[in-house]
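As structure tokens, the structure follows; a few thoughts come after it.
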Amino acid sequence: MDTAFLITAFVTLFVIIDPIGMTPLFVALTRGMGPSRRRAIAVRACVTAALLLILFAALGEAVLGFVGISMPAFRIAGGLLLFLTALEMLFERRGARRKGQADAAEEDEGDDPSIFPLAIPLIAGPGAIATVILLAGQKPGVEGLAYVIAVMLSVVGLVFLMFLMGDLLERALGHVGINVVTRLLGMLLAALAVQFVLDGLRGFGLAG
């Protein structure tokens, strides 16, 4: 077992995915939802992200190349979509849509952040995808792929555990605290979205 490679891969993916920093975002995106629906969203987000990262770890850039998508283009698209979500958080559009819904069963089932933006691009974003591709390339072969997938699953597992603790965080912050955190995270998401776009433009040689 290549312990040094496993440690390096874990630290890299942990920093890129950031399970701790993503928990307040999960709370903000699932405000007003019941515990059971929040758990279901956490499961869908983590399973979807894990499957996507396994796919890219196994097939690498060939997946994007097959459909004619470059990594810079993927970064720009992800950034633009993430920016729309950031605007909703900043102007409380998500909260307004849920206002007056006393029963969780009456919530709009179409308003589900599990796939976007949680699974893509927050957990399995361009950075995480690029990381698993690079890690798999550093240690080619079935054994190396198994190492990368095992490390990635452990990090996504940590994300899931942190998401399950979202209720505790929400109770600790309270309504006003969540409002403040939601807007702050909206600003951070907007900045992250712009960074994704700039990285994509830089990949095309259009930005310094």
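Numbers for the structure displayed
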read-out: Positive-end residue of PHE83, GLY203, ALA130, charge dipole of the chain with Cβ unit charges; value: PHE83
read-out: Residue with peak Gaussian network fluctuation, the chain [Cα springs, cutoff 10 Å], from ALA150, ALA190, ALA28; value: ALA150
read-out: Spatial separation of Cα centroids for the stretch 1-80 and the stretch 170-208, in angstrom; value: 16 Å
read-out: Using alpha-carbon coordinates, inclination of helix 19-29 to the longest axis of the chain, degrees; value: 40 degrees
read-out: Label-point separation, VAL43 to ALA77 (7 Å along Cα→Cβ), nm; value: 2.9 nm
read-out: Label assignment, Cα Rg over 2.2 N^0.38 Å derived from the structure, set [x] 1.06; [y] 1.20; [z] 1.55; value: [x]
read-out: Within the stretch 138-208, chymotrypsin sites (Phe, Trp or Tyr not before Pro) in DSSP loop having at most 14 other beta-carbon neighbours inside 10 Å; value: PHE204
read-out: Three-way shape call for the stretch 36-93 based on the alpha-carbon gyration tensor, with the a/c threshold at 1.5; value: oblate
read-out: Helix-only [θ]222 nm of the chain, DSSP H runs n ≥ 4, -39500 (n - 2.57) each, per residue, nearest 500; value: -25500 deg cm²/dmol
read-out: The chain, relative contact order [Cα under 8 Å, separation at least 6], %; value: 46 percent
read-out: Under Karplus coefficients 6.51, -1.76 and 1.60, residue-wise ³J(HN,Hα) of the stretch 71-81 in Hz, glycine/proline x; value: 4, x, 5, 5, 5, 5, 4, x, x, 5, 5
read-out: With Cα atoms, 0 to 90° folded angle of helix 35-59 axis to the chain main axis; value: 20 degrees
read-out: Total formal charge among the other residues, if their Cβ is under 15 angstrom from that of ALA49, Lys/Arg +1 and Asp/Glu -1; value: -1
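We did not get these values from a lab; they are worked out from the coordinates using the rules stated. Values in this document were obtained by computation on a predicted structure and should not be read as measured data. As a convention, Cβ positions derive from the backbone with ideal geometry for all residues, glycine included, and neighbour counts pool all protein chains shown.
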